[in-house]
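Chemist: First, the structure itself, so that you have it in front of you.
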Amino acid sequence: MKAVFDPLASAYDREFTHSRIGLLQRQSVWDHLSPLLLAVRGMEVLELNCGTGADAIYMARHGHNVLATDISGEMLKVAEDKVMQHGLEDRIRTERMGFDEVKGRFEPGQFDMVFSDFGGLNCIDANDLGALCDPLADAIRPKGRFIAVIMPDRCLAETGYFLLKGKWSEAFRRGRHEPLWASLSGSGVMTWYHSPRTVAKMFSQRFRLVSLRPIGLFVPPSYLEPFFKERPRTLRRLSALDEHFKGQAWTARYADHYLIDLERRP
């Protein structure tokens, strides 16, 4: 898996992190995180699939300590350079780690929060995702949080786009049971789509659902960036619609991503 993501490191920020769509979707995630980051100081945070470090830096600048992990060494190198540029070496540590390496790696209750952003958990199938429940619960203190941003098995913006293009076979591709090959910067990765209901059920024995919200219900998937790059007003209107619907949990399944916020049961 790490070989798949290594070639993406140099282009990831350009094609997503700093893109108009990427900035809007990430801001929606940060809008949810911000009250928690401000309410409790000095949390110990484990970040899964940290990518190039944008979220780790955001959390560290709010006064929290982050162990930023990723399976890709090249992604971590980019993240480490950013950490140095921001002078946050005392707040952020990086470590190469895949999802299958979480079990038994940490002390019980070592973290106040575990965070996974933008579809990292879509790189594993339902069985492997469910297998993370106990290792993550063990690593999180009671009433600590597991917050993940995941791609669901439906996406209205994507379906509408492909229908308008006359690509009927692509319009409902997320609802298929088999994984799909998602192209990224000339490479790609096998992708599984997990519904909010399925994820909540997988983790229900050790976690309770706190919140569920759409990320990119109207703001489209990032592969439509070339189209919207020249239409900033349209994108701002779509972002305003996202803001209006952010409290409608039922819409989470139909967005490009959804944020699921789970609390570790005592």
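The values are calculated or read from the model by the stated rules, or taken from the named source; none is laboratory data. Keep in mind it's a predicted model, so treat the numbers as computed, not measured. For neighbour counting, all protein chains shown are included, and Cβ atoms are generated from backbone atoms with ideal geometry for every residue, glycine included.
Chemist: Taking THR17, is it out of contact with any Phe, Trp or Tyr (no Cβ under 8 Å at 6 or more places or on another chain) and at pLDDT 95 or above? Before you say what the answer is, go through the steps one by one.
Modeler: Details: out of contact with any Phe, Trp or Tyr (no Cβ under 8 Å at 6 or more places or on another chain): yes; at pLDDT 95 or above: no.
In short, no.
Chemist: Same structure, new question: So for the stretch 33-46 (the condition being within 18 Å of the chain's Cα centre (by Cα), more than 25 Å from PRO214 (Cα to Cα) and at pLDDT 95 or above), does at least one residue qualify?
Modeler: Checked against the condition, which is being within 18 Å of the chain's Cα centre (by Cα), more than 25 Å from PRO214 (Cα to Cα) and at pLDDT 95 or above, the stretch 33-46 yields no hits at all.
Chemist: For the stretch 48-66, check the following and say yes or no: at least one residue is charged (D, E, K, R), touching a Phe, Trp or Tyr at 6+ places or on another chain (Cβ under 6 Å) and surrounded by fewer than 24 Cβ atoms within 10 Å (Cβ to Cβ). I'd like the intermediate steps shown before the answer.
Modeler: Taking the stretch 48-66 as the starting set, the residues that turn out to be charged (D, E, K, R) are 55, 61.
From the residues that got through so far, the ones that are touching a Phe, Trp or Tyr at 6+ places or on another chain (Cβ under 6 Å) too are none.
There is no residue in the stretch 48-66 that is charged (D, E, K, R), touching a Phe, Trp or Tyr at 6+ places or on another chain (Cβ under 6 Å) and surrounded by fewer than 24 Cβ atoms within 10 Å (Cβ to Cβ).
Chemist: Let me ask something else. State which residue is nearest to the chain's Cα centre (by Cα) when the search covers only the stretch 186-222 and only residues that are more than 15 Å from LEU156 (Cα to Cα), assigned to a strand (DSSP E or B) and without any contact (Cβ under 8 Å) to a residue 60 or more places away in the chain.
Modeler: That would be LEU212.
Chemist: I would also like to ask the following. Just the residues that are charged (D, E, K, R), assigned to a helix (DSSP H, G or I) and out of contact with any helix residue (DSSP H, G or I) (no Cβ under 6 Å at 6 or more places or on another chain), please, taken from the stretch 223-266.
Modeler: ARG233, ARG236, ARG237, ASP242, GLU243
Chemist: Looking at the stretch 127-140, can you tell me whether even one residue there is assigned to a loop (DSSP other than H, G, I, E, B) and either in contact (Cβ under 8 Å) with a residue 60 or more places away in the chain or on the phi > 0 side of the Ramachandran plot (or both)? Explain how you work it out, then say what you get.
Modeler: Looking only at the stretch 127-140, we keep the residues that are assigned to a loop (DSSP other than H, G, I, E, B), and these are 131-132.
Keeping just the survivors that are either in contact (Cβ under 8 Å) with a residue 60 or more places away in the chain or on the phi > 0 side of the Ramachandran plot (or both) gives none.
Among the residues of the stretch 127-140, not one is assigned to a loop (DSSP other than H, G, I, E, B) and either in contact (Cβ under 8 Å) with a residue 60 or more places away in the chain or on the phi > 0 side of the Ramachandran plot (or both), which makes the answer no.
Chemist: Output the number of the condition that GLY87 fails; it satisfies all remaining conditions of (1) touching a strand residue (DSSP E or B) at 6+ places or on another chain (Cβ under 6 Å); (2) loosely packed, with under 13 Cβ neighbours inside 10 Å; (3) not aliphatic (A, V, I, L, M).
Modeler: (1)
Chemist: Has the stretch 148-165 got any residue that is loosely packed, with under 13 Cβ neighbours inside 10 Å, part of a loop (DSSP other than H, G, I, E, B), without any contact (Cβ under 8 Å) to a residue 12 or more places away in the chain and of a type outside the set (Val, Ile, Thr)? Explain how you work it out, then say what you get.
Modeler: Just the residues of the stretch 148-165 that are loosely packed, with under 13 Cβ neighbours inside 10 Å, to begin with: 160, 164-165.
Still in the list and also part of a loop (DSSP other than H, G, I, E, B): 165.
Then drop every residue that is not without any contact (Cβ under 8 Å) to a residue 12 or more places away in the chain, which leaves 165.
Then keep just the ones that are of a type outside the set (Val, Ile, Thr); that gives 165.
Among the residues of the stretch 148-165, at least one is loosely packed, with under 13 Cβ neighbours inside 10 Å, part of a loop (DSSP other than H, G, I, E, B), without any contact (Cβ under 8 Å) to a residue 12 or more places away in the chain and of a type outside the set (Val, Ile, Thr), which makes the answer yes.
Chemist: Only one of THR94, THR52 is of a type in the set (Val, Ile, Thr), touching a Leu at 6+ places or on another chain (Cβ under 6 Å) and on the phi < 0 side of the Ramachandran plot; which?
Modeler: Values: THR52 fails: touching a Leu at 6+ places or on another chain (Cβ under 6 Å).
Among THR94, THR52, only THR94 is of a type in the set (Val, Ile, Thr), touching a Leu at 6+ places or on another chain (Cβ under 6 Å) and on the phi < 0 side of the Ramachandran plot.
Chemist: Is it the case that the stretch 94-109 has a residue that's over 21 Å from LEU209 (Cα atoms), buried (at least 21 other Cβ atoms within 10 Å of the Cβ) and at pLDDT 95 or above?
Modeler: Scanning the stretch 94-109, I find at least one residue that is over 21 Å from LEU209 (Cα atoms), buried (at least 21 other Cβ atoms within 10 Å of the Cβ) and at pLDDT 95 or above, so the answer is yes.
Chemist: Would you list the helices (runs of 4 or more DSSP H) that sit entirely within the stretch 1-120 and hold 2 or more residues that are in contact with a Cys (Cβ under 9 Å, 6 or more places away or on another chain)?
Modeler: Details: elements: 2-5, 9-12, 20-39, 54-61, 73-85.
Fully inside the stretch 1-120 and qualifying: 2-5, 73-85.
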